[in-house]
Amino acid sequence: DAMRTMIHDGVSEQELDRHARLSTPSIRDDGRVKVLRGETAIEEVLRVTRED
């Protein structure tokens, strides 16, 4: 896995953070997929990802 290789290669914490952010969907994006699959309701996704 890429993160394991990066850690083994000694990349900086900032690079690990950048890779994690770019390779992982946001909670809201993941929620959209789950809504399309019928696994949750759009209201639930909006409730838990609401930006204050």
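The values are calculated or read from the model by the stated rules, or taken from the named source; none is laboratory data. From a predicted model like this one, the values you see are computed outputs, not experimental measurements. Virtual Cβ from ideal backbone geometry, glycine too; neighbours counted across all protein chains shown.
Miscellaneous remarks
- Residue list for region 36-52, filter: loosely packed, with under 12 Cβ neighbours inside 10 Å and either of a type in the set (A, V, I, L, M) or modelled with pLDDT under 95 (or both): LEU36, VAL48, ARG50, GLU51, ASP52
- Members of region 16-33 that are among the charged types (D, E, K, R) and under 24 Å from MET3 (Cβ atoms): ASP17, ARG18, ARG21, ARG28, ASP29, ASP30
- Complete set of residues in region 12-35 that are over 15 Å from VAL48 (Cβ atoms), surrounded by 12 or more Cβ atoms within 10 Å (Cβ to Cβ) and not charged (D, E, K, R): LEU16, HIS19, ALA20
- Scanning region 7-23 for residues that are assigned to a helix (DSSP H, G or I) and more than 30 Å from ARG47 (Cβ to Cβ) yields ILE7, HIS8, GLU13, GLN14, GLU15, LEU16.
- Scanning region 24-46 for residues that are β-branched (Val, Ile, Thr), more than 10 Å from the chain's Cα centre (by Cα) and in a loop (DSSP other than H, G, I, E, B) turns up just one, THR40.
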